[in-house]
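Read the structure below first, then the notes.
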(Lines give C-alpha, C1' and ligand atoms only; values in the text may rest on other atoms or scores of the structure.)
Protein backbone atom coordinates (compact mmCIF):
# COMPACT_ATOMS: atom_id res chain seq x y z
CA UNK A 1 0.00 0.00 0.00
CA UNK A 2 1.44 3.38 -0.95
CA UNK A 3 1.92 6.07 1.65
CA UNK A 4 -0.86 8.19 0.13
CA UNK A 5 -3.36 5.31 0.10
CA UNK A 6 -2.47 4.44 3.71
CA UNK A 7 -2.82 8.08 4.74
CA UNK A 8 -6.17 8.39 3.00
CA UNK A 9 -7.43 5.13 4.52
CA UNK A 10 -6.43 6.30 8.00
CA UNK A 11 -7.99 9.72 7.48
CA UNK A 12 -11.29 8.29 6.25
CA UNK A 13 -11.31 5.83 9.16
CA UNK A 14 -10.99 8.77 11.57
CA UNK A 15 -7.54 7.68 12.76
CA UNK A 16 -6.04 11.02 11.73
CA UNK A 17 -7.74 13.99 13.40
CA UNK A 18 -8.42 17.14 11.44
CA UNK A 19 -5.43 19.44 11.62
CA UNK A 20 -2.98 16.61 12.40
CA UNK A 21 0.63 17.30 11.52
CA UNK A 22 2.47 14.51 9.69
CA UNK A 23 5.51 14.09 7.50
CA UNK A 24 4.71 14.14 3.81
CA UNK A 25 7.05 12.48 1.32
CA UNK A 26 5.33 14.40 -1.49
CA UNK A 27 5.92 17.82 0.06
CA UNK A 28 9.21 17.14 1.86
CA UNK A 29 8.16 18.36 5.29
CA UNK A 30 5.41 18.76 7.84
CA UNK A 31 1.95 19.16 6.37
CA UNK A 32 -1.36 19.90 8.01
CA UNK A 33 -3.66 17.15 6.77
CA UNK A 34 -6.70 19.05 8.05
CA UNK A 35 -8.77 21.33 5.83
CA UNK A 36 -5.97 22.89 3.75
CA UNK A 37 -2.48 21.43 4.17
CA UNK A 38 0.04 24.00 5.34
CA UNK A 39 -1.83 26.95 3.85
CA UNK A 40 -2.40 28.77 7.15
CA UNK A 41 1.33 29.06 7.86
CA UNK A 42 2.09 30.05 4.28
CA UNK A 43 -0.64 32.70 4.35
CA UNK A 44 0.66 34.14 7.62
CA UNK A 45 4.09 34.60 6.02
CA UNK A 46 2.65 36.19 2.85
CA UNK A 47 3.43 39.89 3.17
CA UNK A 48 2.69 41.22 -0.32
CA UNK A 49 -0.49 41.04 -2.39
CA UNK A 50 1.45 38.85 -4.84
CA UNK A 51 2.45 36.44 -2.07
CA UNK A 52 -1.16 36.24 -0.89
CA UNK A 53 -2.39 35.64 -4.45
CA UNK A 54 0.12 32.80 -4.90
CA UNK A 55 -0.93 31.09 -1.66
CA UNK A 56 -4.63 31.61 -2.38
CA UNK A 57 -4.15 30.09 -5.84
CA UNK A 58 -3.19 26.78 -4.21
CA UNK A 59 -6.05 26.57 -1.70
CA UNK A 60 -8.73 25.22 -4.07
CA UNK A 61 -6.29 22.55 -5.29
CA UNK A 62 -5.53 21.37 -1.77
CA UNK A 63 -9.20 21.34 -0.81
CA UNK A 64 -10.16 19.45 -3.96
CA UNK A 65 -7.38 16.89 -3.78
CA UNK A 66 -7.68 16.26 -0.04
CA UNK A 67 -11.45 15.73 -0.25
CA UNK A 68 -11.32 13.47 -3.30
CA UNK A 69 -12.27 9.85 -2.73
CA UNK A 70 -9.99 7.45 -4.53
CA UNK A 71 -11.86 5.18 -6.96
CA UNK A 72 -9.32 2.37 -7.16
CA UNK A 73 -8.71 3.20 -10.83
CA UNK A 74 -5.22 4.71 -10.84
CA UNK A 75 -5.61 6.21 -14.31
CA UNK A 76 -8.88 7.95 -13.47
CA UNK A 77 -7.67 9.06 -10.02
CA UNK A 78 -4.48 10.44 -11.57
CA UNK A 79 -6.44 12.51 -14.07
CA UNK A 80 -8.94 13.71 -11.45
CA UNK A 81 -6.10 14.83 -9.17
CA UNK A 82 -4.04 16.41 -11.94
CA UNK A 83 -6.84 18.70 -13.13
CA UNK A 84 -6.93 20.80 -9.91
CA UNK A 85 -3.13 20.60 -9.78
CA UNK A 86 -2.91 22.08 -13.28
CA UNK A 87 -5.59 24.66 -12.46
CA UNK A 88 -3.49 25.78 -9.48
CA UNK A 89 -0.53 26.23 -11.83
CA UNK A 90 -2.71 28.42 -14.06
CA UNK A 91 -3.89 30.45 -11.07
CA UNK A 92 -0.30 30.86 -9.83
CA UNK A 93 0.81 31.93 -13.30
CA UNK A 94 -1.99 34.50 -13.39
CA UNK A 95 -0.76 35.86 -10.04
CA UNK A 96 2.72 36.17 -11.57
CA UNK A 97 1.28 38.06 -14.54
CA UNK A 98 -0.61 40.42 -12.24
CA UNK A 99 2.05 41.04 -9.57
CA UNK A 100 5.38 39.95 -11.05
CA UNK A 101 7.95 42.27 -12.59
CA UNK A 102 10.49 40.03 -14.36
CA UNK A 103 9.77 39.73 -18.08
CA UNK A 104 11.21 36.19 -18.22
CA UNK A 105 9.01 35.01 -15.36
CA UNK A 106 5.97 36.60 -16.99
CA UNK A 107 6.76 34.92 -20.31
CA UNK A 108 7.12 31.58 -18.52
CA UNK A 109 3.79 32.19 -16.76
CA UNK A 110 2.12 32.72 -20.14
CA UNK A 111 3.59 29.47 -21.50
CA UNK A 112 2.48 27.61 -18.36
CA UNK A 113 -1.08 28.89 -18.75
CA UNK A 114 -1.26 27.76 -22.37
CA UNK A 115 0.24 24.32 -21.68
CA UNK A 116 -1.81 23.62 -18.55
CA UNK A 117 -5.07 24.69 -20.20
CA UNK A 118 -4.34 22.38 -23.13
CA UNK A 119 -3.54 19.48 -20.79
CA UNK A 120 -6.66 20.07 -18.66
CA UNK A 121 -8.75 19.84 -21.83
CA UNK A 122 -6.98 16.63 -22.79
CA UNK A 123 -7.51 15.08 -19.34
CA UNK A 124 -11.19 16.07 -19.26
CA UNK A 125 -11.61 14.51 -22.70
CA UNK A 126 -10.09 11.23 -21.47
CA UNK A 127 -12.30 11.22 -18.38
CA UNK A 128 -15.43 11.94 -20.43
CA UNK A 129 -14.55 9.15 -22.88
CA UNK A 130 -14.35 6.52 -20.10
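See the values below:
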{"read-out": "Scan of the range 57-73 for residues that are over 17 Å from residue 88 (Cβ atoms) and either modelled with pLDDT under 85 or surrounded by 15 or more Cβ atoms within 10 Å (Cβ to Cβ) (or both), ordered by number", "value": "70"}
{"read-out": "Flag for residue 86 being assigned to a loop (DSSP other than H, G, I, E, B) and either out of contact with any helix residue (DSSP H, G or I) (no Cβ under 6 Å at 6 or more places or on another chain) or closer than 24 Å to residue 56 by Cβ (or both)", "value": "no"}
{"read-out": "Selection within the range 47-78 - over 27 Å from residue 106 (Cα atoms), assigned to a loop (DSSP other than H, G, I, E, B) and free of Cβ contacts under 8 Å to residues at least 60 places away in the same chain", "value": "68, 69, 71, 72, 73"}
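Residue by residue, here is whether (1) under 26 Å from residue 119 (Cα atoms); (2) in the same structural domain as residue 118 (by TED's automatic domain parsing); (3) at pLDDT 95 or above holds:
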residue	(1), (2), (3)
7	no, no, no
11	no, no, no
21	no, no, no
25	yes, no, no
55	yes, yes, no
81	yes, yes, no
90	yes, yes, yes
101	no, yes, yes
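The values are calculated or read from the model by the stated rules, or taken from the named source; none is laboratory data. For clarity, every value in this text was computed on a predicted model and none was experimentally measured. Positions of Cβ are generated from backbone atoms using ideal geometry, with glycine treated the same way; all protein chains shown enter the neighbour counts.
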